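In what follows, a single structure is set out as structure tokens and then discussed.
The values are calculated or read from the model by the stated rules, or taken from the named source; none is laboratory data. What you see is a predicted model; the values in this text were computed from it and never measured. Backbone-built Cβ (ideal geometry, glycine too); neighbour counts: all protein chains shown.
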Amino acid sequence: MGKPTGFLEFTRELPKKRDAQERVHDYKEIEKPYAEEDTQKQAARCMDCGIPFCHNGCPLGNIIPEFNDAVYEQNWDYAYEILASTNNFPEFTGRICPAPCESSCVLGINKPPVAIEFIEKSIAEAAFARGLVQPNHGIKRTGKTVAIVGSGPAGLAAAAQLNKAGHTVTVFERADQIGGLLRYGIPDFKLEKWVIDRRLNVMEAEGVVFKTNTNVGEHIKAKELLTDFDAVLLTGGSTVPRDLPIPGRELKGVHFAMEFLSQQNKRVAERPVEVDHRGVKYANGDILATGKNVVVIGGGDTGSDCVGTSNRHGAKSVTQIELMPMPPAERAESTPWPNWPMMLRTSTSHEEGCERHWSINTKAFIGDENGNLKALRIVDLEWQSVDGKMAMVEVPGSEREIDCELALLAAGFVNPQQEGLLNALELEYERGNVKAVNYQTTPNPKVFAAGDMRRGQSLVVWAISEGREAARAVDTFLMGESQLEAKAKSMFATV
Ligand SMILES: Cc1cc2nc3c(=O)[nH]c(=O)nc-3n(C[C@H](O)[C@H](O)[C@H](O)COP(=O)(O)OP(=O)(O)OC[C@H]3O[C@@H](n4cnc5c(N)ncnc54)[C@H](O)[C@@H]3O)c2cc1C
Ligand code: SF4
């Protein structure tokens, strides 16, 4: 423990954000740089409590009090060594993780929690700046080959781990660039893409082979993959968006959030937008919010990213509507510490300008004579007892129309795409996701699955965790045992 009185002396502080009016004119990161001495004070707030609940809050089991201590001592090499032992990509999670660890920080019971996510980013950036993140050229090869399908955080974490174990890894990606939703879902203002490229350069130099524009199931048949590789790991994500099949769905101006977001990431990268993030040709042309009344349907993170992107396009107005009631401003009683709290969250995109409404259902999209969207018909909802069960029902007389020329559907993802590769492999499904026991699919022991494709729509930190755990399962399958780190194992662990 760096400074026993740190949590009494220092308050939680995060880097200042760029002014909202300034940042909506670009796609650059929102936080301003922060001095290492200030990070040291934040690390000093860690109490090194007897039972660090934050370990458990983090899906990776990051060994948080130990790296906080190393940061307090300004021993950045050691801090990175600890962090990298459980997390392959702290430069991603340090920027975009919702930080469930902070919700279970013991200091958070009666004071603002330790700024763990930000400390993680600082360690990662300090490590790159000091040249600590270098390719390992001394990996002893096993002669085994592994194909990974999908290059999101799950596929990348698995590739890094399996390569470290000595296997020859090829990552197949159907999009034109590597990164999955890191690349073509999450906007640049949350994660600039040089951050991904910097890591990919290290992985490539270490021997991981990346093949883009390769839709497995189409360009390479499933059977070929099974004969050409000793093991196959599927990390194709949860890519089928939840639709809203109401009257007017076919109108021009109604789009899935991912079409809108991935196009913008392509624009920022100066890549052609005619082909979407799946490698499919766009039927819809450029989707722009400029000068339009935008309504984002869905109150989650994807919706919030649509808000930030619409404001950057110069929308006339941006409104986000959600079916469920407004969450409480503080942690709900149903989710006491150290659980992930159910509560209202306001993102940096919301701060930039957006009207938010809850308990609203969309009944129809209304078009003009040319088939262009011009309004939404919405209705208020409220909880009522129906046949002895609580249900959201329409409030009589509340139906109304709101102007809208661009509606973005951000109601989540249902499951992975089953037709094509997954069906060709004759895999089993559980709630629509690929069924696997310890990441190994039951019909074919040579085929493994991880990330959103296995667990359903989730978070980057969970995808990395799944990729690491699946890599251990694949390594054990190939070698009989695995030396790869188990979750929260190690000399650093205190529980
Ligand atoms: C808009 C948006 C914003 C988000 N923001 C955050 C956030 O801020 N923080 C956070 O923690 N999480 C966020 N998430 C969730 C997070 O991005 C995902 O949980 C995570 O990326 C899942 O990782 P994955 O590796 O399982 O799959 P993905 O990232 O979805 O990657 C799967 C990849 O597989 C490829 N693929 C699929 N099928 C094939 C095939 N047959 N052949 C070749 N390639 C194939 C796909 O093209 C894709 O590139 C966000 C999600 C979205 C949609
Ligand atoms: S990866 Fe996320 S949950 Fe884990 S320590 Fe970092 S910010 Fe916390």
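Data overview
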quantity	calculated
Residue that is nearest to ligand 1 (Cβ to nearest atom) [pool: residues in segment 90-123 that are over 22 Å from S304 (Cβ atoms) and either under 23 Å from the mean Cα position of the chain (by Cα) or of a type in the set (F, W, Y) (or both)]	P90
Lone qualifier among F172, F189, F229 - being modelled with pLDDT of 95 or more, more than 9 Å from ligand 1 (Cβ to nearest atom) and within 26 Å of Q263 (Cα to Cα)	F189
N444 vs. criteria touching a residue at least 12 places away in the same chain (Cβ under 8 Å), surrounded by fewer than 16 Cβ atoms within 10 Å (Cβ to Cβ) and not in a strand (DSSP E or B)	yes
Hits in segment 108-135 (condition: in a helix (DSSP H, G or I), at pLDDT 95 or above and aliphatic (A, V, I, L, M))	I116, I119, I123, A124, A126, A127, A129
Any hit, segment 181-188, residues being touching a residue at least 12 places away in the same chain (Cβ under 8 Å), assigned to a loop (DSSP other than H, G, I, E, B) and touching a Gly at 6+ places or on another chain (Cβ under 7 Å)	yes
Those strands (runs of 3 or more DSSP E) lying entirely in segment 332-415 with at least 1 residues among the β-branched types (V, I, T)	360-367, 373-386, 389-394, 400-403, 413-415
Residues of segment 118-148 classified as under 14 Å from V71 (Cβ atoms) and touching a Lys or Arg at 6+ places or on another chain (Cβ under 8 Å), total	1
Checking N213 against (1) touching an Asp or Glu at 6+ places or on another chain (Cβ under 8 Å); (2) part of a strand (DSSP E or B); (3) over 19 Å from I464 (Cα atoms), the condition it does not meet	(2)
Members of segment 291-316 that are under 16 Å from F256 (Cα atoms) and charged (D, E, K, R)	D301, D305
Filtered residues of segment 83-96 (kept if under 13 Å from K487 (Cα atoms) and either among the hydroxyl-bearing types (S, T, Y) or in contact with a Ser or Thr (Cβ under 9 Å, 6 or more places away or on another chain) (or both))	S85, T86, N87
One residue from R18, R23, R95, R45 being within 16 Å of ligand 2 (Cβ to nearest atom), among the charged types (D, E, K, R) and over 30 Å from A159 (Cα atoms)	R45
Yes/no for G2 being more than 16 Å from ligand 1 (Cβ to nearest atom), touching a residue at least 24 places away in the same chain (Cβ under 8 Å), part of a loop (DSSP other than H, G, I, E, B) and within 21 Å of E485 (Cα to Cα)	no
From the options I64, I96, I51, residue that is at pLDDT below 95 and among the aliphatic types (A, V, I, L, M)	I51
Subset of segment 407-426 [under 25 Å from the mean Cα position of the chain (by Cα) and either away from ligand 1 (no atom under 11 Å from the Cβ) or not aliphatic (A, V, I, L, M) (or both)]	A407, L409, A411, G412, F413, V414, N415, P416, Q417, Q418, E419, G420
Filter result for the condition that a residue is modelled with pLDDT under 95 and of a type in the set (F, W, Y), over Y78, Y34, Y27	Y34
Members of segment 404-428 that are within 23 Å of E224 (Cβ to Cβ) and not acidic (D, E)	P416, Q417, Q418, G420, L421, L422, N423, A424, L425, L427
Test for T11: is it of a type outside the set (G, A, S), at pLDDT 95 or above and buried (at least 22 other Cβ atoms within 10 Å of the Cβ)	no
Residue list for segment 39-67, filter: in a helix (DSSP H, G or I) and in contact with a Lys or Arg (Cβ under 8 Å, 6 or more places away or on another chain)	Q42, A44
Segment 17-68 - residue that is farther than 15 Å from I119 by Cβ and within 16 Å of ligand 1 (Cβ to nearest atom) and, of those, surrounded by the most Cβ atoms within 10 Å (Cβ to Cβ)	P59
Filter pass, E73 being modelled with pLDDT under 95 and either acidic (D, E) or over 18 Å from R95 (Cα atoms) (or both)	no
Residues satisfying the stated conditions in segment 216-249, i.e. assigned to a loop (DSSP other than H, G, I, E, B) and either free of Cβ contacts under 8 Å to residues at least 60 places away in the same chain or of a type in the set (V, I, T) (or both)	H219, T235, T239, P245, I246
Residue satisfying all of: in segment 250-296; among the hydroxyl-bearing types (S, T, Y) and assigned to a loop (DSSP other than H, G, I, E, B); surrounded by the most Cβ atoms within 10 Å (Cβ to Cβ) among these	Y282
Pair list, Cβ < 8 Å and 6+ apart or interchain, from segment 105-132 residues that are hydroxyl-bearing (S, T, Y) to residues that are within 16 Å of ligand 1 (Cβ to nearest atom)	S122/G94
Check on Y78, without any contact (Cβ under 8 Å) to a residue 24 or more places away in the chain and either surrounded by 17 or more Cβ atoms within 10 Å (Cβ to Cβ) or not in a loop (DSSP other than H, G, I, E, B) (or both)	yes
Search result, residues across segment 355-393 that are of a type in the set (K, R) and closer than 20 Å to L409 by Cβ	R356, K363, K374, R377
